[in-house]
Amino acid sequence: MTTSKQILVLYKQLLEKAYKFDNYNFREFAKRKVTDSFKANKGLSDSEAITNFYNQGILDLAMLTRQTTISQMYTFEKLVVEPLKRQR
Amino acid sequence: MLSRQILRNIARGSSARRVGGVRLLSQSKITSFATNAAESNSGANATVVIGNAQAPDGSAITLKTASRDESLFGTRPIYLDVQATTPTDPRVLDKMMEFYTGLYGNPHSSTHSYGWETEKEVEKARSYIADVINADPKEIIFTSGATESNNMSIKGVPRFYKKTKNHIITTQTEHKCVLDSARHLQDEGYEVTYLPVNEEGLISLDDLKKAIRKETCLVSVMAVNNEIGVIQPLKEIGQICRSKKIFFHTDAAQAYGKIDIDVNEMNIDLLSISSHKIYGPKGIGACYVRRRPRVRLDPIITGGGQERGLRSGTLAPPLVAGFGEAARIMKQDMKYDQEYIHRLSEKLKKGLLSIPSTQLNGSLDPASQYPGCVNISFAYIEGESLLMALKDIALSSGSACTSASLEPSYVLHALGADDALAHSSIRFGIGRFTTEAEIDYVVAAIQERVDFLRKMSPLWEMVQEGIDLNTIEWSGH
């Protein structure tokens, strides 16, 4: 049985990882995809479907952890639409 | 105690001296730099600002925001050329990594577990790829890409049936690799009919029916055009071909996973797929070859008899698995991606077509136009010069294979466009990873630069004065 608190924690963790992509396009896609898929599955009521969704989220979290690490290891110049961080 | 103090003093003294040394050194460096800078300044006083398009001296036209302030924004261009290739999806790379680290067995080695585990993954990938087009996994043949698949189909089928049949039909707007394969067949003595297209880029079914002879063995029509994004009526063409017992090949490199394709419903016998157009790895593709009724073809590459003997050679499990994962994601996210791309495409079209004297190339009917490919002509501007002024956006005026030459696109010519229009068109590709902010930037940048280039253009000036350009008699030199 997956509780709503567990789901919320997973959502937060996924979003946190999505922000970690160094590549602008991948980062924006991951953020959009995470929020949209949670929104789309908001109305899930069947407990088995919820568990499946949760388990898939856990796998995705592991994938995001690996891929954001890779993205941070191979970095490229920022895009023209990307504001640079203020250097102190 | 004493000795410690002495030590400290010594330490302080030496550090002070060091600091002094550094200061001295840096001061002398600064002065030398300053003199260098002064020299270079005086020497190259008249140089134009690098990287910005500049109007001729004395003109009032300026390009204020040709590039953004480099200290606030990055410099890498926005990628809007997804018809050429797409970025590899991180989910695909994640699947491929295990094949570059642990799973290195040859999938054709049937004597040990290293071979078994990669073979299992290869077959899984094959079924994912087949699922997208509702095919049987056994009907998928892995090749090096869509070019090889096209060559294999277009040369293979007529060569196999050469004793009885010697005619194939294709269209004028096909990709270069299809047209070139057809030309090779002509050299070998086959006859080829190139169907014309209407101004929207669609072929006429009556033309097709008329072109069919009793020696015709293959019809090849591409699903989605790579330059203008037009979707051909595959189902109707498939019906005609099946009723006449002619094989139907379609080049679906730009269509696979992006529009709904069902090989059984559409009666498609051969279909070319490319992995790097669906966010997969480069260097792999596939060809769907129907088994019932069986399509027979003469293989180009022969050898160990892998892939039903149609394409020998060891498979590359990392690429196959990546391709399979890309196909799985395409199917899983098809609705989601389609909606997103449609929304961005509408936004881009609305923004760009609000510029005066612009024209959308392609079909106006949403059912026969893929929204991810937007081809727009900007009259009175040279497309290549607009591309040069758009250093911050990665665009193309047509196919990547022909972008090296300055010749206008043969696809646009086939639509009946004149040279000027064909020269002034640009293709915009929108994909899964394009963002809304990028589209906003592109619309603003193009509006401004089209305006800038037109202000420099004497033709535009004449048009504004009401002179019809076609009435001018140009004197030759």
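The values are calculated or read from the model by the stated rules, or taken from the named source; none is laboratory data. Everything numeric here is computed off the predicted structure, so don't read it as measured data. Quick reminder, even Gly has a Cβ in these numbers, built from the backbone with ideal geometry, and neighbours come from all protein chains shown. What goes into the accessible areas is simple: the full protein's heavy atoms, side chains included, and nothing from ligands, DNA or RNA. Shrake-Rupley method; radii C 1.70, N 1.55, O 1.52, S 1.80 Å.
Near residue B:455, which aspartates and glutamates are there with a Cα under 20 Å away, not counting those fewer than 8 places off in the same chain?
B:57, B:382, B:384, B:465, B:468
Using 28 Å as the Cα-Cα cut-off, could you pick out the over-long pairs in A:20/B:277; B:176/B:347; B:258/B:349; B:165/B:258; A:31/B:350? Write down the numbers at each step before the final one.
On the way: A:20/B:277 26 Å; B:176/B:347 31 Å; B:258/B:349 19 Å; B:165/B:258 34 Å; A:31/B:350 26 Å.
Pairs exceeding 28 Å: B:176/B:347; B:165/B:258.
What ranking of B:346, A:82 comes out by heavy-atom accessible area, probe 1.4 Å, highest first?
Values: B:346 85, A:82 10 Å².
Correct descending sequence by accessible area is B:346, A:82.
Sequence-distant or interchain residues sharing an amide H contact under 5 Å with residue B:220, placed H: which?
Here B:169, B:170, B:249 satisfy the definition.
Counting only DSSP beta bridges with both residues in the protein assembly as shown, tell me the antiparallel percent, nearest 5.
Details: 23 of 40 bridges.
Here the antiparallel bridges make up roughly 60 percent for the protein assembly as shown.
For segment B:123-275, give the share of DSSP beta bridges that are antiparallel, in percent and rounded to the nearest 5; count only bridges with both residues there.
Numbers: 2 of 16 bridges.
Taking every DSSP beta bridge within segment B:123-275, about 10 percent pair in antiparallel fashion.
Check the straight Cα-Cα distances from residue B:282 and name the lysines below 16 Å, setting aside those fewer than 8 residues away within the same chain.
Those lysines meeting the cut-off are B:95.
Among the lysines, select those whose C-alpha is under 18 Å from the C-alpha of residue B:163, and discard any that sit fewer than 8 residues away in the same chain.
Within reach: B:155, B:214, B:245.
Between chains A and B, what is the buried accessible area in Å², counting both sides, with a 1.4 Å probe and ligands, DNA and RNA left out, to the nearest 100?
On the way: alone 7260 and 24560 Å², together 29530 Å².
When A and B are taken together, about 2300 Å² of accessible area is lost.
How big is the charge dipole of segment B:273-344 about its Cα centre, in debye rounded to the nearest 20, if each Lys and Arg gets +1 on its Cβ and each Asp and Glu gets -1 on its Cβ?
380 debye
Within a Cβ distance under 11 Å of residue A:28, other residues only, what is the Lys/Arg minus Asp/Glu net charge?
Details: positive: A:27, A:31, A:32, A:33, B:432; negative: A:82, B:436, B:438.
With Lys, Arg at +1 and Asp, Glu at -1, the neighbours total +2.
For segment B:334-463, compute Rh as the Kirkwood radius over C-alpha pairs and then the Stokes-Einstein diffusion coefficient at 20 °C and 1.002 mPa s; write the answer in µm²/s, rounded to an integer.
Details: Rh = 15.3 Å.
Translational diffusion coefficient: 140 µm²/s.
Given a 1.4 angstrom probe, what's the average accessible area per residue across segment B:334-463, in square angstrom? It would help to have the intermediate numbers written out before the result.
On the way: 5230 Å² over 130 residues.
Computed with neighbouring chains in place, this is 40 Å² per residue.
Please turn the phi angles of segment B:250-256 into ³J(HN,Hα) values with the Karplus equation 6.51 cos²θ - 1.76 cosθ + 1.60 (θ = phi - 60°), one per residue in order, whole Hz, x for glycine and proline.
10, 8, 9, 4, 8, 9, 4
Taking 8 Å as the Cα distance limit and 6 or more residues as the minimum spacing, I'd like the relative contact order of segment A:2-73 as a percentage.
Numbers: 49 pairs, mean separation 34.6, N = 72.
So the answer I get is 48 percent.
Given the DSSP H assignment, sum -39500 (n - 2.57) over each helix run of at least 4 residues in chain A and divide by its residue total; what's the result at 222 nm in deg cm²/dmol, nearest 500? Please report the intermediate quantities before stating the final value.
Numbers: 3 runs with 59 residues, N = 88.
Calculated from helices alone, the mean residue ellipticity at 222 nm is -23000 deg cm²/dmol.
Can you run phi through the Karplus equation (6.51, -1.76, 1.60; θ = phi - 60°) for segment B:271-281 and list ³J(HN,Hα) in whole Hz, with x for Gly and Pro?
Calculated HN-Hα couplings, in order: 8, 9, 10, 10, 7, 7, 8, 10, 6, x, x Hz.
Suppose all protein chains stay in the model; what accessible area per residue would a 1.4 Å probe give for chain A, in Å²? Mind showing how you got there, number by number?
Numbers: 6090 Å² over 88 residues.
The answer is 69 Å² per residue.
Taking all protein chains in place and a 1.4 Å probe, what share, in percent, of the accessible surface of the protein assembly as shown do carbon and sulfur account for? Mind showing how you got there, number by number?
Details: 15970 of 29530 Å².
Within the protein assembly as shown, the accessible surface is 54 percent carbon and sulfur.
Quick one: dipole size for the protein assembly as shown, taken about the Cα centre, charges +1 on Lys/Arg Cβ and -1 on Asp/Glu Cβ, in debye to the nearest 20.
Values: 69 positive and 65 negative charges, 550 e Å.
That gives the protein assembly as shown a dipole magnitude of about 2640 debye.
Give me the dipole magnitude in Debye, nearest 20, for chain A about the Cα centre, with unit charges on the beta carbon: positive for Lys and Arg, negative for Asp and Glu. Before the final figure, lay out the partial values.
Values: 15 positive and 9 negative charges, 93 e Å.
For chain A, the charge dipole is close to 440 debye.
With a Cα-only, solvent-free Debye model of segment B:90-332, what are the log10 I(q)/I(0) values at q = 0.08, 0.14, 0.15 Å⁻¹?
-0.29, -0.86, -0.98
Considering amide H positions built from the backbone, and no H for Pro or chain starts, which residues 5 or more places from residue B:301, or on another chain, come under 5 Å of its amide H?
The answer is B:312.
Two-decimal Rg/Rh of the protein assembly as shown from alpha-carbon positions, Kirkwood Rh? Could you put the intermediate results ahead of the total?
Numbers: Rg = 29.3 Å, Rh = 27.4 Å.
Using Cα coordinates only, the ratio equals 1.07.
Between residue B:388 and residue B:469, what FRET efficiency comes out of the Förster formula 1/(1 + (r/R0)^6) with R0 = 22 Å and r the beta carbon distance, rounded to 0.05? Could you put the intermediate results ahead of the total?
Working: r = 23 Å, r/R0 = 1.05.
Calculated transfer efficiency: 0.45.
If you plug each phi of segment B:288-300 into the Karplus form 6.51 cos²θ - 1.76 cosθ + 1.60 with θ = phi - 60°, what whole-Hz ³J(HN,Hα) values come out, in order, with x for Gly and Pro?
Going residue by residue, I get 7, 10, 4, 9, 10, x, 6, 9, 10, 8, 7, x, 7 Hz, with x marking Gly and Pro.
Too long at a 25 Å Cα-Cα cut-off: which of B:162/B:209; A:5/B:335; B:335/B:391; B:138/B:331?
Working: B:162/B:209 22 Å; A:5/B:335 29 Å; B:335/B:391 33 Å; B:138/B:331 19 Å.
Exceeds cut-off: A:5/B:335; B:335/B:391.
Amide H of residue B:174 versus every other amide H placed in the peptide plane: which residues, excluding those fewer than 5 positions away on the same chain, fall under 5 Å?
Result for residue B:174 returns nothing.
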